[in-house]
Amino acid sequence: MPTEAAARYDFRPVERKDMPLLARWLAAPHVAEWWGDAAEELASIAEHIDSISVEPLIVELDGKPIGYLQSYDPHLEDDHPYQDQPFGTLGLDLTIGVADLVGKGHGSAILRQFVDELFEEGVPRVIIDPDPANKRAIRAYEKAGFAAFDTRLSIYGPALMMARDAEEGEFDA
């Protein structure tokens with residue numbers, strides 16, 4: 001399990017050269033179980049490289065890619081189902097691409113670091129929407145300070161709506 005002192009993640013924009021790596025991750029059983037069709041997801045990520053509403057990122061640990069993270073502004077997408085969230089809210093999607101790193105605390109550590117950075121930039125609220133059946137992800141998100149506030153059925157399927165608000169202050173693990 002990563003420690004606060006040991007695990008510091010870097011987030012870099014997805015580039016076209018990352019597409020083969022993302023394709024492998026999206027096809028891996030531990031990712032495919034919770035993401036949509038790999039080819040459609042990959043096309044969507046590629047489309048978002050130049051997007052203003054979605055920021056696709058590669059998560060690196062010690063200079064090695066280990067996961068995919070995207071942040072999005074639901075207010076910049078026409079008819080996004082989460083536009084009822086306060087203005088300035090950002091949504092996140094995260095997957096650990098390296099199967100051997102799943103279940104070792106990286107998901108919650110990545111989210112804590114990334115969300116803290118967003119709060120420093122002035123983002124008031126961050127939401128994440130795991131499938132209610134994805135208990136492993138929900139536990140990781142709770143460890144990162146997210147709390148459930150709603151259950152919805154969106155165009156993406158069933159979603160447990162979870163949020164972490166800036167005014168709640170620093171999260172103590």
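The values are calculated or read from the model by the stated rules, or taken from the named source; none is laboratory data. These figures come from a predicted structure and were not determined experimentally. Positions of Cβ are backbone-derived with ideal geometry, glycine not excepted, and every protein chain shown enters the neighbour counts.
Checking the conditions here, which among S71, S108, S44, S51 is among the small types (G, A, S) and over 23 Å from R16 (Cα atoms)?
Numbers: S71 fails: over 23 Å from R16 (Cα atoms); S44 fails: over 23 Å from R16 (Cα atoms); S51 fails: over 23 Å from R16 (Cα atoms).
Selected residue: S108, the only one of S71, S108, S44, S51 that is among the small types (G, A, S) and over 23 Å from R16 (Cα atoms).
Is it true that some residue in the stretch 87-94 is at pLDDT below 95, more than 16 Å from the chain's Cα centre (by Cα) and part of a helix (DSSP H, G or I)? No, the stretch 87-94 contains no residue that is at pLDDT below 95, more than 16 Å from the chain's Cα centre (by Cα) and part of a helix (DSSP H, G or I). Sub-8 Å Cβ pairs linking a first residue in the stretch 68-91 that is over 17 Å from L57 (Cβ atoms) to a second residue that is surrounded by fewer than 14 Cβ atoms within 10 Å (Cβ to Cβ) and polar (S, T, N, Q), at least 6 apart or interchain, are P81/S154; Y82/S154, ordered by first then second residue.
Considering each residue of the stretch 69-80 in turn, none proves to be assigned to a loop (DSSP other than H, G, I, E, B), crowded, with 17+ Cβ neighbours inside 10 Å and of a type in the set (S, T, N, Q).
So that you can scan it fast, the table gives a plain yes or no per residue for (1) under 17 Å from the mean Cα position of the chain (by Cα); (2) at pLDDT below 95; (3) at negative phi:
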residue	(1), (2), (3)
D129	yes, yes, yes
R152	no, yes, yes
G157	yes, yes, no
F171	no, yes, yes
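Right, T95: of a type in the set (S, T, Y) and more than 19 Å from P124 (Cα to Cα) or not? Yes: the conditions hold for T95. Only one of the listed residues (D100, D93, D150) is exposed (fewer than 14 other Cβ atoms within 10 Å of the Cβ), of a type in the set (D, E) and touching a strand residue (DSSP E or B) at 6+ places or on another chain (Cβ under 8 Å). That residue is D150.
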